[in-house]
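Written below as structure tokens is the structure these notes are about.
The values are calculated or read from the model by the stated rules, or taken from the named source; none is laboratory data. Fair warning: this is a prediction, and the values are worked out from it, not measured in the lab. Reconstructed Cβ throughout: ideal geometry from the backbone, glycine too, with neighbour counts over all protein chains shown.
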Amino acid sequence: TSFGFKEVNEEEKAKLVGNVFTKVAPSYDLMNDMMSGGLHRLWKDRLVSKLHPFPGMNHLDVAGGTGDIAFRILDNINGVSHRALQNGQAEGEDDTKIYVLDINPNMLAVGKKRAADKMLDSRCLQWVEGDAEALTFEESSMDGYTIAFGIRNVTHIERALDEAYRVLKRGGRFLCMELSHVDTPLFKQIYDYYSFSVIPAMGEVVAGDRDSYQYLVESIRQFPKQEKFARMIAEAGFQKVEYENLVGGVVAIHTGLKL
Ligand code: SAM
């Protein structure tokens, strides 16, 4: 694995990732808006619409950080129950549980605070400090699993995929959104310039931290291409593995089912 221009081993990578997110946690949401020009909001909406959330579901959002995906899932579900009520259907037992798992307590702390500010139902949201590679949830306990901009940071991607497969129920959905690879030559040039020059500079100015954003760009380059990552997901046991590119592959959403 390379960080900046030096080679680092796995243990060092785990530590670096920890430091990166501890440092960026306070400026994390602002940086996302700046770097993506607000687009990450639409990408996350897209991810959640592909999940088809439903009231009463058990969902696990891994690398959930500051809660962006979990909040959208809840909004989506609340929309569904609200429409059901309007149509005269009785409100069911709403025992929806959305677990937000992250390895970094600083990111979770920002998320918890945001949930409190939004006055979200705290019974539905559970914040769990943990590692994507060794989940503490029971086998076949989840209807859905999402990981957004998270799997790239995990040391052993295969282990995280195996764990996703293990905790999902049969029929459960796996969705992964990640910064991916751009193929079109001209667009690739622009994108490379943007990521190698603009992003680290922005990190320095906005977050006072060039290195963390240099790491971000490096880790995108290291991540497997769309087709290869799809094969890895299938190797973990998932069926109907597909992916959708957004903005020409800047982002890809991979999906799979546990059948
Ligand atoms: N999903 C959120 C979003 O889309 O805004 C946060 C994405 S953030 C780029 C990546 C997150 O992955 C960080 O909060 C980091 O702490 C977390 N992370 C890194 N390695 C992890 C691991 N092994 N297990 C769980 N979370 C991890």
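What the table below lists for this structure:
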read-out: Tally of residues being in a loop (DSSP other than H, G, I, E, B) and either within 13 Å of the ligand (Cβ to nearest atom) or of a type in the set (A, V, I, L, M, F, W, C) (or both) across segment 39-71; value: 7
read-out: Complete set of residues in segment 31-66 that are on the phi > 0 side of the Ramachandran plot and modelled with pLDDT of 95 or more; value: His52, Gly56, Ala63
read-out: Candidates Leu39, Leu60, filtered to the one that is in contact with a strand residue (DSSP E or B) (Cβ under 7 Å, 6 or more places away or on another chain), hydrophobic (A, V, I, L, M, F, W, C) and surrounded by 15 or more Cβ atoms within 10 Å (Cβ to Cβ); value: Leu60
read-out: Flag for Gly64 being assigned by TED's automatic domain parsing to the domain that holds Ala132 and within 21 Å of Ala116 (Cα to Cα); value: yes
read-out: Meets criteria (in contact with an Asp or Glu (Cβ under 8 Å, 6 or more places away or on another chain) and among the acidic types (Asp, Glu)) for Glu218; value: no
read-out: Whichever residue in segment 127-144 is within 10 Å of the ligand (Cβ to nearest atom) and not aliphatic (A, V, I, L, M) and, among such residues, is surrounded by the fewest Cβ atoms within 10 Å (Cβ to Cβ); value: Glu129
read-out: Number of the exception - Met107 against (1) more than 8 Å from the ligand (Cβ to nearest atom); (2) at pLDDT below 95; (3) assigned to a helix (DSSP H, G or I); value: (1)
read-out: Given (1) touching a His at 6+ places or on another chain (Cβ under 8 Å); (2) small (Gly, Ala, Ser); (3) more than 24 Å from Asp68 (Cβ to Cβ), index of the condition Ala236 fails; value: (1)
read-out: Test: Leu246 is more than 20 Å from the chain's Cα centre (by Cα), among the hydrophobic types (A, V, I, L, M, F, W, C) and under 30 Å from Lys169 (Cβ atoms); value: no
read-out: Cβ pairs under 6 Å, 6+ apart, first in segment 121-140 and part of a loop (DSSP other than H, G, I, E, B), second of a type in the set (Val, Ile, Thr); value: Cys124/Thr96; Cys124/Ile98; Gly130/Thr136; Ala132/Val62; Ala132/Val154; Leu135/Val167; Phe137/Val167
read-out: Residues that are within 20 Å of Phe149 (Cα to Cα) and either in contact (Cβ under 8 Å) with a residue 60 or more places away in the chain or not charged (D, E, K, R) (or both), drawn from segment 178-198; value: Glu178, Leu179, Ser180, His181, Val182, Asp183, Tyr191, Tyr194, Ser195, Phe196, Val198
read-out: Qualifying positions in segment 15-35 - over 12 Å from Ser212 (Cα atoms) and crowded, with 19+ Cβ neighbours inside 10 Å; value: Asn32, Met35
